Amino acid sequence: MKVKAMGALRCAIVMGLCTWMGVAAAQQGNARPWSDATVSADARARLLVAQMTQDEKFQLIRSYYAGPDRPSDKPFPKGAIASAGYVPPIERLGIPALEESDAGLGVASSDRMRPGDSATPLPAGPVTAASWDPKVAYRGGAMIGGEAHNKGFNVLLAGGINLMRDPRNGRNFEYAGEDPLLAGTIVAEAIRGIESQHVISTIKHFALNDQETARNTINVQIGEKAMRESDLLAFEIAIERGKPGSVMCSYNKVNGDWACENDYLMNQLLKRDWKYPGFVMSDWGGAHSAAKAVNAGLDQESAGEVFDKEVYFDAPLRQALAKGEVKQARIDDMVQRILRSMFAAGVFEHPAKKAPIDSKANLAVARETLEAGAVLLRNDNNLLPLDFAKLESVAVIGAHADKGVLAGGGSSLVTAMGGNAVPGLAPTTWPGPVMYHPYPPLKAIRTMAPKANVQYANGNDVAAAAALAAKSQVAVVFVQKWSAESVDAPDLALPDGQDALVAAVAKANPRTIVVLENNAPVQLPWLDQVGAVLEVWYPGGDAGNGIANLLSGKVNPSGHLPMSWVRDASQLPRAEIPGVMGGTPPESVDYNIDGADVGYRWLQSRGLKPLFPFGYGLSYTTFEHGPLKVATRDGQLHASVTVRNTGSRAGADVAQVYVQVPGAKARRLAGYAKVSLKPGEQRELDIPLEKRLLADFDPARHGWVIRGGDYSVVEGRSSEDLGTPVSVKVPAGAP
């Protein structure tokens, strides 16, 4: 060491090319070659793994629960931020801690975790999906990723993509609808946005966690072809495009094996077929073994000391390693994958730490997401938009619209600045508390209509609400249905007599507008009695102003449904969810009933007409779609269509291209594009078609196969509102 130092000094004196500081930096760089950011993430991870002791490796493959509600015999992990999970740093090698926060709608910061903390809540996942705009998804992801980083987090448990097989699933509000292409492309961009902020994003829940009832025990039964063409295709597209650092395996079993012990899902599919380079973490309480889970592809056990029966990735795994049940090479692979994702996201070079947050700008992102994804379902006689400047009286009714807007419950719950606007509603404990974000539509409407007498009725007294509506020029009724992680809804009805409230108000005033705050489609028995219906789901940050902007026409609604809106449960593949109201939980659920025909594909294959079709959405302007053209370029089918704004307002529309494969009963969304146009403006859209939507998965060949023949390609504004089909000859072969 002294010889090298003397040589360096001589070099500095004689040649003037280096200094003591430069030599020290070079020596440090040589000591830690994995610090060279010009080297690939894979190579850096390999270099670092080679320097780690076995204890350091075992430290990285498990996280600790960092919530304040830990058992008394399990102390809070030193150095952790109160949150979902924590992996301590390895300071000897400069490996930073992993600070993990829920979830995909913002930095989850309920009072249960960090009293007094707050974050910006994004609208529910279906809002982003309903925008049909990947740019909207990216901006939302970047916003919550940036907030996470500036709060000290470098892992977000985001990327929810489970397909909506049932509108009663209590967690649909975290996801992106029923279609694998739309969900895959939208969630991919949200993940890319998060990771652009040097935060690792997960994608979850892998796989087929499509209901919450008995989620910790249920066995999902489905054939390989069906799952590859539905839920797993959504994951495949999102992982290809979004490149999440981690995949979170789910609670349920898939064809007999726990998802977090499932060799087919993790080894054969994710890591072999898809060549996924990142790591798989268990859901909290999702690990069930040491050797079996590790050999099946699980790389990191999450919070096992609190949520699992034992910490499998400690003593039990060490014992399995000593017995030869697990190879050392597999342990090294687990560590390599975790480090690789840390390097790829820039976790080493850009350490997460507390920094100022531009709450105003972030609220604007949340509001603009709502404005892009709210869906106008009905607008009889052009009741909307309202000219607030001319209105003399407005009745605002129901759903605590004087205080705020509803949010979904569970681990994704975000506490906005100002806290819960309606505290104390049951359930106050998990999966609650029931949360209302403090962005009241009433206040925003009053601001928008300064000359009008805007009065509020809570809706508990139906007669009083109807009387207020009768003496007002227009009535805006807010209705709601709370949903949460770990519980499913028993039916599709609005609770608490809200249907009777809407019917009474509509009878008193035909100029009644209904604003829906809900998790997923619900029955609308009063639909034909009201003038307009606006779907905002759980509308998130600055929602009051966003809703007022949409009602007034300051913003033209452009959302299109990311799911089919069934008329009632009789149109679903499973009329009931057994065990949803308690009693003996079901042992299994049969997804072979619908298979790959999820949502609109199920309805089409059975000849059923929904209340509103997948892709449906109205506007305050009108659009004309020209004839469809289909051509092959660079081995890929492209659809082109000219969309023209034929109305008097600027607006945005979505061109949706569906393909019908020979022999199939249902069409498949194969491409889409959203376009914003001024009045009279037109634009030709070029839409590449996803090759796997032209193909079928063949388990015997273990790959995608195009049948070949005459394919019907059609474009339109929803899965039912379509133009003239174009027949295209497609050669057989691999896509």
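Okay, residues lined up against (1) in contact (Cβ under 8 Å) with a residue 40 or more places away in the chain; (2) open to solvent by 10 Å² or more (accessible area, probe 1.4 Å); (3) over 26 Å from the mean Cα position of the chain (by Cα):
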residue	(1), (2), (3)
280	yes, no, no
297	no, no, no
336	yes, yes, yes
342	yes, no, no
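Considering only residues of segment 614-624 that are in contact (Cβ under 8 Å) with a residue 60 or more places away in the chain and open to solvent by 20 Å² or more (accessible area, probe 1.4 Å), which is nearest to residue 553 (Cα to Cα)? Applying the filter and picking the extreme gives 620.
Taking the criterion of being hydrophobic (A, V, I, L, M, F, W, C), touching an Asp or Glu at 6+ places or on another chain (Cβ under 7 Å) and in a loop (DSSP other than H, G, I, E, B), the only residue of segment 276-297 that qualifies is 287. Here is the figure for segment 386-427: residues that are in a loop (DSSP other than H, G, I, E, B), small (Gly, Ala, Ser), more than 22 Å from the chain's Cα centre (by Cα) and under 25 Å from residue 498 (Cα atoms) total 7. Tell me yes or no: at least one residue of segment 149-170 is on the phi > 0 side of the Ramachandran plot, over 11 Å from the mean Cα position of the chain (by Cα) and in contact (Cβ under 8 Å) with a residue 60 or more places away in the chain. The answer is yes, given that some residue of segment 149-170 is on the phi > 0 side of the Ramachandran plot, over 11 Å from the mean Cα position of the chain (by Cα) and in contact (Cβ under 8 Å) with a residue 60 or more places away in the chain. The number of residues in segment 590-600 that are open to solvent by 10 Å² or more (accessible area, probe 1.4 Å) and not in a loop (DSSP other than H, G, I, E, B) comes to 1. Filtered by the rule that a residue be touching an Asp or Glu at 6+ places or on another chain (Cβ under 8 Å) and basic (Lys, Arg), segment 229-275 gives 241, 243. For segment 478-498, indicate whether the set of residues that are under 18 Å from residue 391 (Cβ atoms) and buried (at least 21 other Cβ atoms within 10 Å of the Cβ) is non-empty. Yes, segment 478-498 contains at least one residue that is under 18 Å from residue 391 (Cβ atoms) and buried (at least 21 other Cβ atoms within 10 Å of the Cβ). Would segment 10-31 turn up any residue that is of a type in the set (Lys, Arg), part of a loop (DSSP other than H, G, I, E, B) and at pLDDT below 95? No, that holds for no residue.
Can you find a residue in segment 626-633 that is in contact with a Lys or Arg (Cβ under 6 Å, 6 or more places away or on another chain) and either more than 14 Å from residue 723 (Cβ to Cβ) or surrounded by fewer than 18 Cβ atoms within 10 Å (Cβ to Cβ) (or both)?
no
Any residue at all in segment 258-265 that's closer than 25 Å to residue 153 by Cα and aromatic (Phe, Trp, Tyr)? There is no residue in segment 258-265 that is closer than 25 Å to residue 153 by Cα and aromatic (Phe, Trp, Tyr). Among the residues that make up segment 666-673, is at least one of them touching a Gly at 6+ places or on another chain (Cβ under 8 Å), in contact (Cβ under 8 Å) with a residue 24 or more places away in the chain and open to solvent by less than 20 Å² (accessible area, probe 1.4 Å)? Yes. What are the residues in segment 577-589 that are surrounded by fewer than 16 Cβ atoms within 10 Å (Cβ to Cβ) and either modelled with pLDDT of 95 or more or closer than 19 Å to residue 231 by Cα (or both), if any? Once the filter is applied, which keeps residues that are surrounded by fewer than 16 Cβ atoms within 10 Å (Cβ to Cβ) and either modelled with pLDDT of 95 or more or closer than 19 Å to residue 231 by Cα (or both), segment 577-589 yields only 587. The set of residues in segment 711-734 that are open to solvent by 30 Å² or more (accessible area, probe 1.4 Å), touching a residue at least 40 places away in the same chain (Cβ under 8 Å) and farther than 24 Å from residue 602 by Cβ comprises 724, 726.
Could you check segment 466-477 and list, in sequence order, the residues that are open to solvent by 10 Å² or more (accessible area, probe 1.4 Å) and touching a strand residue (DSSP E or B) at 6+ places or on another chain (Cβ under 6 Å)? Hits for segment 466-477 are 468, 472, 473. For segment 388-415, a residue qualifies if it is open to solvent by 10 Å² or more (accessible area, probe 1.4 Å), in contact with a strand residue (DSSP E or B) (Cβ under 7 Å, 6 or more places away or on another chain) and of a type outside the set (Gly, Ala, Ser), and the qualifying residues are 391, 392, 400, 402, 403.
The set of residues from segment 444-465 being part of a loop (DSSP other than H, G, I, E, B) and surrounded by fewer than 23 Cβ atoms within 10 Å (Cβ to Cβ) comprises 450, 451, 452, 458, 460, 461.
Just one residue in the set 377, 383 is among the aliphatic types (A, V, I, L, M), under 23 Å from the mean Cα position of the chain (by Cα), surrounded by 16 or more Cβ atoms within 10 Å (Cβ to Cβ) and at pLDDT 95 or above; that residue is 377. Only helices (runs of 4 or more DSSP H) whose full extent lies in segment 54-154 are considered here, and the ones with at least 3 residues that are open to solvent by 10 Å² or more (accessible area, probe 1.4 Å) are 54-60, 134-149.
The values are calculated or read from the model by the stated rules, or taken from the named source; none is laboratory data. Values in this document were obtained by computation on a predicted structure and should not be read as measured data. A quick note on method: Cβ atoms are made from the backbone with ideal geometry, for glycine too, and the neighbour counts reach across all protein chains shown. Accessible surface is based on the protein model in full, side chains and every heavy atom, while ligands, DNA and RNA are left aside. Shrake-Rupley method; radii C 1.70, N 1.55, O 1.52, S 1.80 Å.
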